[in-house]
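Heads up: the structure comes next, in structure tokens.
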Amino acid sequence: MRSFDQRNHAYPGYSLFLRGTLDGKAQDFSVGIGPGAQAKHAFRAGDIMCGLAVPVGDSRMETVEFHKASALEVVSRAPEAPAGGPPWLGVPPLLETYRARGHRRLSARTYEASCRACIWGCRMPVEITLDQWNREKREYRFETFCYGPKSCSAYRAGPTRKVPGRNGMTWEEEDSVDEETISNRGPDE
């Protein structure tokens, strides 16, 4: 959520990008799962799985096509991912780890080309409150972030984020915001 120069992040779960069969048709699709499902199954890139899910209700507020996954089952486990990266392909950490690490903005193009499969790449829905005194005025967009090592060779920041506000004002999120967010980490963490 954004409101001019204020931001707040929620971490409801994980996004799985799948190549498989949906209603009998082979296709690519995405499913959101909760932290409990991830803790139970420890999904990682290359796993073969099955389950049930329902379409999301509001595509402005979801980065996946389906959610509320149930009856999940790992059919076969992918080989252990090689150490190092990018991209890092092991089992993603707990959501609390992401929050503790902090993030920096990530170019949307770089996310799609190099970081979507990485456990540190993230695409979040953003709800922007345009006027704090009239909370009905809202806009929606998606933003991409990186939680990975500062030394990642694939990382590209992309343009600074501009946040619309009341009476046509705009606030620009400068690089210093990201630098402060990840100041608790060394270059390789």
(request) Could you please put LYS25, LYS162 in sequence from largest to smallest accessible area, using a 1.4 Å probe? (result) LYS25, LYS162
(request) Highest first, please rank the peptides 77-83, 15-21 by the mean number of other Cβ atoms sitting within 10 Å of their residues. (result) 15-21, 77-83
(request) Would you please name the chymotrypsin sites (Phe, Trp or Tyr not before Pro) within the range 95-170 that are DSSP coil residues with at most 10 other C-beta atoms within 10 Å of their C-beta? (result) TRP133
(message) Spelling out what I want: for every residue of the range 19-26, take phi, set θ = phi - 60°, compute 6.51 cos²θ - 1.76 cosθ + 1.60 (Karplus), and round to whole Hz; glycine and proline get x.
(response) 10, x, 10, 10, 6, x, 10, 6
(request) Check the straight Cα-Cα distances from LYS40 and name the lysines below 17 Å, setting aside those fewer than 8 residues away within the same chain. (result) LYS68
(request) Excluding residues on the same chain fewer than 8 positions from LYS150, give the aspartates and glutamates whose Cα lies under 16 Å from its Cα. (result) ASP175, ASP178, GLU179, GLU180, ASP188, GLU189
(request) Can you find, among PRO92, GLY148, LEU16, the residue farthest towards the positive end of the dipole of the chain? Put +1 on the C-beta of Lys and Arg, -1 on that of Asp and Glu. (result) LEU16
(request) Specify which labelled value, from (1) 23.2; (2) 17.2; (3) 18.0, agrees with Kirkwood radius over Cα pairs in Å derived from the coordinates of the model shown. (result) (3)
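Based on the Cα coordinates of the range 1-75, what is the per residue volume of their convex hull in Å³?
110
So, with +1 on the Cβ of K and R and -1 on the Cβ of D and E, and no other charges, what is the size of the charge dipole of the chain about its Cα centre, to the nearest 20 debye?
Numbers: 26 positive and 25 negative charges, 32 e Å.
Dipole size: approximately 160 debye.
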(message) Give me a comma-separated list of calculated 3J(HN,Hα) values for the range 30-43, in order, Karplus coefficients 6.51, -1.76, 1.60 applied at θ = phi - 60°, integers in Hz, x for any Gly or Pro.
(response) 10, 9, x, 10, x, x, x, 5, 5, 4, 5, 9, 6, 4
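The values are calculated or read from the model by the stated rules, or taken from the named source; none is laboratory data. Only a predicted model underlies this, so the values are computations on that prediction, with no experimental measurement involved. So basically every Cβ, Gly included, is an ideal-geometry build from the backbone, and we count neighbours across all protein chains shown. Remember, those area values only see protein heavy atoms, side chains included, never the ligands or the DNA or RNA. Shrake-Rupley method; radii C 1.70, N 1.55, O 1.52, S 1.80 Å.
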